[in-house]
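Since the structure comes first, as structure tokens, the remarks are kept for the end.
The values are calculated or read from the model by the stated rules, or taken from the named source; none is laboratory data. Computed from a prediction, not measured in an experiment: that's the story for all the values here. Cβ placement follows ideal geometry from the backbone for every residue including glycine, while neighbour counts extend to all protein chains displayed. These accessible areas exclude ligands, DNA and RNA; they are computed on the full protein's heavy atoms, side chains included. Shrake-Rupley method; radii C 1.70, N 1.55, O 1.52, S 1.80 Å.
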Amino acid sequence: MKKIAIIGTGYVGLVTGACLAEMGNQVICLDIDKEKIESLRALNLPFFEPGLEELVVRAVEAERLFFTDQYNEAIPGTDLCFLALPTPSNEDGSCDLSYVLAAAEEIAANMDNYLLIVNKSTVPIGTAEKVTETLKKTLDERGVTIAFDVASNPEFLREGNAVADCLKPERILIGAKTTKAKELLKELYAPFCPQQDRIQITDIRSAEFAKYAANAMLATRISFMNNLATLAEKLGVNIDEVRIAMGADERIGNKYLNAGIGFGGSCLPKDIRALCAIGKKYGHPTPLFDSVLAINEEQRNFFYEKIARFFGSLSGKTLAIWGLSFKPNTDDMREAPALYLIQKFLEAGAHLRIYDPIALPKAKILLNRFDQVYFASDEYDAAENSDAIILATEWKQFQFADFEKIGASMNSKVFFDGRNQHSPDKMHKIGFIYFGIGQPDPIKELVCP
Ligand code: NAD
């Protein structure tokens, strides 16, 4: 059993804290957001993540998980301290390390024994060295000598599946320098990976870089398919058939190949921007990743233009928006493609009936001020009297919606599927005009001359 402090109690911090407590450790989660800490103490979670609430409640009741907003409660006497802090984009796309370095100062101001500081935030290569310098400087100012190590342990959990990813990880990447740091982390993670076959130990810089590399690959696959999809549309080709054919090749695989309206969320966009900024800083061009970002932005616009073109004018039209979170099974709307579309529709004078199975409360905070936005109680309510349905996030419940009933309640049976969740044939059969991504245009088939 280890005494652990988690600094930053967001998606990564809370999941990590709850999972480490589940394995029998004594964990205290710290956040500077007092309201968040108060509500966590009352067992109200600040976001939705399947399976997390049960884990948190169990650990709190067993007195293995605590919450605080005070560094002097979290740090003294702790063995390991995890950083799960925001690393947003600066204006130039580079990574803003101010949250990480501010936390490092607070840790050094409060530590009283050997401490292993483990960074889980996604950070530029060389950040562990910066954290080390900050810790040393603050300890010097205090006039004390206390040993510490800084390690990198990038987080690979996927929102929507985070608890399972954390309890049974595909890999645990540890970037560490000293034997003590490596052994401490190996011991801590042993219960998550009894065979130890998924623990990879490397130098710190390689671990930091590996996280960016993994996200760059995922984002590249998405933009790769989206770039092909818009071309496929011009050629009268169905990209989903192409995807299946490609994915059958085991060198390619079938994951992360769905065409759609692009990636969003709190990680991929900012991490690819940061990677491009790192390239710039070191005078090393990153044209592939620059294009991945440009294609991603263009993809949303391409979808919006398709809708705008169909209607001629969107002014006064009523659009049902299905799905607001950046992907299913989360309420996270950070950089969600749906938000981009909503903004464009509002600017064009449309009325919106929006719905998401989980993200609606978060959407209300962001969009309550717009009179043209109605918050629907379900996908049926959203579709009522609408001129078209726009599917922005492929929640499972939309798959099984009763389209006969939905179609009968709409002004016109038009469906724009931003995630290719539905089959064009099925939708045509029940009388919908259906537009997917990278599928032959149902109105005006543009075939290659
Ligand atoms: P988040 O915004 O959900 O949580 C960060 C928390 O840190 C917030 O609650 C904030 O109040 C708190 N905080 C800010 N400054 C603080 C300080 N000085 N001291 C204590 N708390 C402070 O962020 P997140 O989504 O959990 O991401 C954290 C990091 O993990 C980021 O670098 C992100 O790129 C990376 N990451 C995220 C995911 C994901 O799916 N969300 C996955 C892998 C990696």
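So how many residues does region 393-422 have that are open to solvent by 50 Å² or more (accessible area, probe 1.4 Å) and either outside the structural domain of residue 359 (by TED's automatic domain parsing) or more than 17 Å from residue 310 (Cα to Cα) (or both)?
Residues flagged as open to solvent by 50 Å² or more (accessible area, probe 1.4 Å) and either outside the structural domain of residue 359 (by TED's automatic domain parsing) or more than 17 Å from residue 310 (Cα to Cα) (or both) within region 393-422 amount to 9.
Any residue at all in region 19-36 that is near the ligand (Cβ under 9 Å from one of its atoms), out of contact with any helix residue (DSSP H, G or I) (no Cβ under 9 Å at 6 or more places or on another chain) and open to solvent by less than 10 Å² (accessible area, probe 1.4 Å)?
No.
Taking helices (runs of 4 or more DSSP H) that fall entirely within region 1-83, which contain at least 2 residues that are in the same structural domain as residue 153 (by TED's automatic domain parsing) and more than 23 Å from residue 117 (Cβ to Cβ)?
Once the helices (runs of 4 or more DSSP H) in region 1-83 are filtered for at least 2 residues that are in the same structural domain as residue 153 (by TED's automatic domain parsing) and more than 23 Å from residue 117 (Cβ to Cβ), what remains is 34-41, 52-61.
Inspect region 310-328 for any residue being surrounded by fewer than 22 Cβ atoms within 10 Å (Cβ to Cβ) and under 22 Å from residue 47 (Cα atoms) and give the result as yes or no.
yes
Looking only at region 109-141, which residues are away from the ligand (no atom under 16 Å from the Cβ) and assigned to a helix (DSSP H, G or I)?
Residues satisfying the conditions are 129, 132, 133, 136, 137, 139, 140, 141.
What is the residue count in region 80-100 for residues that are open to solvent by less than 50 Å² (accessible area, probe 1.4 Å) and more than 9 Å from the ligand (Cβ to nearest atom)?
So the count comes out to 8.
For region 383-447, which fully contained strands (runs of 3 or more DSSP E) count at least 1 residues that are of a type in the set (Asp, Glu)?
Here the list reads 414-417.
Cβ contacts < 7 Å: first residue over 13 Å from residue 401 (Cβ atoms) and touching a residue at least 24 places away in the same chain (Cβ under 8 Å), restricted to region 372-385; second residue open to solvent by 40 Å² or more (accessible area, probe 1.4 Å) and assigned to a loop (DSSP other than H, G, I, E, B), any location; separation 6+ or different chain. Result?
385/411
Could you please give the count of residues in region 66-79 that are open to solvent by less than 40 Å² (accessible area, probe 1.4 Å) and more than 16 Å from the ligand (Cβ to nearest atom)?
Number of matching residues: 1.
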